[in-house]
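All remarks here apply to the structure that follows.
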Amino acid sequence: MICAEDGGVLDDLVVYRLDEDEFLVIANASNTDVVFEAVRDRSAAHDARVTDATGDYALVAIQGPAAAGILAPLAGGLDLGAIRYYAGTLGEVAGHRAWVARTGYTGEDGFEVFCRPEDAVPIWRRSLRVEPGPAWSRPGWPLAIRSGLRPPCRCTATSSART
């Protein structure tokens, strides 16, 4: 959570540690500007740089019981089973560099593929060609795609800021 000065919640965030001193902050879309300003303002007294990287990312979310079966053939050798809940790793999906995370924000286990906006459609199209087995026939559509300036997280479009 990122809190307001009065203790209220500005937003619930997902924060991924990309490197020793680099983080990817995922905020809900309606709060993009508020979160960016809060993180930027709070970092001003520290040796930190905060940039709005919203336009650098799109997201393909593969959710539900067939998620691992859909993503595995596209994941360029990534060990999806080794990605812990609310963690991620850098790799390739369908030949495109991506940050692959496992938050399962729909309530099901699932993966989020953060990629460049121009890579989202090719990744999504390749994922539609995978035949993951019997779980595929379960109710519900296991794929979601959003692209553009506000990549999604938690079923709503979100933004990203690098700290």
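The values are calculated or read from the model by the stated rules, or taken from the named source; none is laboratory data. Since the structure is predicted, the reported quantities are computational estimates derived from the model, not experimental observations. Positions of Cβ are generated from backbone atoms using ideal geometry, with glycine treated the same way; all protein chains shown enter the neighbour counts.
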> Here is a list of conditions, (1) of a type in the set (A, V, I, L, M); (2) more than 19 Å from Phe114 (Cβ to Cβ); (3) touching a residue at least 60 places away in the same chain (Cβ under 8 Å); (4) outside any loop (DSSP other than H, G, I, E, B), and Ala61 meets all of them except one; can you say which number that is?
Replying inline: (2)
> Is it the case that Ala66 is in contact with a helix residue (DSSP H, G or I) (Cβ under 7 Å, 6 or more places away or on another chain), assigned by TED's automatic domain parsing to the domain that holds Trp124, touching a residue at least 12 places away in the same chain (Cβ under 8 Å) and not β-branched (Val, Ile, Thr)?
Replying inline: yes
> From Thr103, Thr89, which residue is of a type in the set (Val, Ile, Thr) and either assigned to a loop (DSSP other than H, G, I, E, B) or on the phi > 0 side of the Ramachandran plot (or both)?
Replying inline: Thr103
> If Pro73 satisfies every condition in (1) modelled with pLDDT of 90 or more; (2) part of a loop (DSSP other than H, G, I, E, B); (3) more than 25 Å from Asn28 (Cα to Cα) but one, which is the exception?
Replying inline: (2)
> Looking at the range 82-101, which of its residues are over 18 Å from Asp56 (Cβ atoms) and either buried (at least 21 other Cβ atoms within 10 Å of the Cβ) or touching a Gly at 6+ places or on another chain (Cβ under 6 Å) (or both)?
Replying inline: Ala94
> Does at least one position in the range 14-24 carry a residue that is hydroxyl-bearing (Ser, Thr, Tyr), over 18 Å from Leu128 (Cβ atoms) and not assigned by TED's automatic domain parsing to the domain that holds Leu128?
Replying inline: yes
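Restricting attention to the range 25-58, which residues are assigned to a strand (DSSP E or B) and buried (at least 20 other Cβ atoms within 10 Å of the Cβ)?
Val25, Ile26, Ala27, Asn28, Ala58 - these are the residues of the range 25-58 that are assigned to a strand (DSSP E or B) and buried (at least 20 other Cβ atoms within 10 Å of the Cβ).
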> Within the range 59-80, is there a residue that is over 19 Å from Val130 (Cα atoms) and surrounded by 13 or more Cβ atoms within 10 Å (Cβ to Cβ)?
Replying inline: no
